[in-house]
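I have placed the structure first, in the form of structure tokens, so that the comments after it can refer back to it.
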Amino acid sequence: MKSTAWSAGLSVSGDGTGVDATIVIAHLEKEQAARTFKKTFGYHPIAVWCDNTHELLDWLTGLNTAAVHGKRGRSVEYSVGFAVTETVRDAIGQVPTRAWVPAIDADGDPRVHADVAEITALLPDTLREKWPTAMRVIVRREHPHPGAQLPVFEERDGWRYQAFATNTTTGQVAFLEARHRAHARVEDRIRVAKDTGLGRFPSREYGINHAWLALVAVAADLLAWLRLLALPAALKNCEPKALRYRFLHVPARLTRGPRQRRLRLPATWPWVTDAVATFTAVMAIPMLT
């Protein structure tokens, strides 16, 4: 099933993998739990998702620091939001018109009314001297949607600005901005995973919680493959809670007859047609030899 999902995923647009950490609060003292940057107490599991298939590829249960999880001989590239302060606004005001280039979407096509530019060299030296090595700041501007509330700076020229920082030194700024924007999909994967077990760790013992996270990864992958290979349009975009109610918890009965078993679904179930279509698609998946 995994290889079938990967084959199907080749035709799905995406940007490779996404990595992020999330806070899972521990209300009791648990092994290796610690104080978080948000002044809470718990774990910082880090996870890697495949952007095409939404699979949870790898994870770490402990603290969210590159110092803890980094490996010798490997580097870490990051892309994080950067506040648009008055200093950043001053730098944006110095960007020459010719320096703005069209933003692109995940497929590499230009986005309408959206441009990007790098402002690193336009920021004060006193600020840049405090930064990590090779850090860059890139800004996207785009026309705001109707009714958007804009600060005075943005109302003045009619653009909405967002900035991010990265230490990636290669690649066009339009590509780096598209890569950063895709990070929102990672946050969606975190939300789904938290509704599939990631939202809590049940034990005081770290080993048990680590095994729990492995089971969460299995559940996340099964849901991802189910969406990709079998679910009809009416169920494909359901959040886990809705999917459990409409399909996974359908009140079906398994009956046995001469040399065969039958799964009987209630004819009055509102999503019985979608459930039958899903089971039919699952049964059609070729068996690995």
Given the structure, is Trp100 in contact with a His (Cβ under 8 Å, 6 or more places away or on another chain) and either surrounded by 16 or more Cβ atoms within 10 Å (Cβ to Cβ) or touching a residue at least 40 places away in the same chain (Cβ under 8 Å) (or both)?
no
Subset of the range 226-238 [in a helix (DSSP H, G or I), hydrophobic (A, V, I, L, M, F, W, C) and either without any contact (Cβ under 8 Å) to a residue 12 or more places away in the chain or within 16 Å of Asp58 (Cα to Cα) (or both)]
Ala233
Would you be able to tell me the number of residues in the range 162-192 that are over 24 Å from Asp107 (Cβ atoms) and part of a loop (DSSP other than H, G, I, E, B)?
2
When the residues of the range 188-212 are narrowed to those that are among the basic types (Lys, Arg) and open to solvent by 50 Å² or more (accessible area, probe 1.4 Å), which ends up farthest from the chain's Cα centre (by Cα)?
Arg204
So, in the range 193-206, of the ones that are in contact (Cβ under 8 Å) with a residue 60 or more places away in the chain and either assigned to a helix (DSSP H, G or I) or in contact with a Cys (Cβ under 7 Å, 6 or more places away or on another chain) (or both), which residue ends up farthest from Asp109 (Cα to Cα)?
Tyr206
For the range 74-97, name all the residues that are in a loop (DSSP other than H, G, I, E, B), polar (S, T, N, Q) and free of Cβ contacts under 8 Å to residues at least 12 places away in the same chain.
Ser75, Thr85
Picking from Arg136, Arg160, Arg140, Arg185, the residue that is modelled with pLDDT of 85 or more, at negative phi, open to solvent by 70 Å² or more (accessible area, probe 1.4 Å) and of a type outside the set (Ser, Thr, Tyr) would be Arg160
Candidates Leu243, Leu215, Leu263 - the one that is open to solvent by 70 Å² or more (accessible area, probe 1.4 Å), of a type outside the set (Val, Ile, Thr) and part of a helix (DSSP H, G or I):
Leu215
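Give the range 246-260 a look and list any residue that's out of contact with any Pro (no Cβ under 7 Å at 6 or more places or on another chain) and either under 27 Å from Ala193 (Cα atoms) or assigned to a strand (DSSP E or B) (or both), or say none. So that I can check it myself, show each step before the final result.
Quick first cut of the range 246-260, residues out of contact with any Pro (no Cβ under 7 Å at 6 or more places or on another chain) only: 246-250, 252-260.
Those that are out of contact with any Pro (no Cβ under 7 Å at 6 or more places or on another chain) and either under 27 Å from Ala193 (Cα atoms) or assigned to a strand (DSSP E or B) (or both): Arg246, Phe247, Leu248, His249, Val250, Ala252, Arg253, Leu254, Thr255, Arg256, Gly257, Gln260.
The values are calculated or read from the model by the stated rules, or taken from the named source; none is laboratory data. Everything numeric here is computed off the predicted structure, so don't read it as measured data. We place every Cβ from the backbone using ideal geometry, glycine too, and count neighbours over all the protein chains shown. When the accessible area is computed, the model is the full protein with side chains, heavy atoms only, and any ligands, DNA or RNA have been set aside. Shrake-Rupley method; radii C 1.70, N 1.55, O 1.52, S 1.80 Å.
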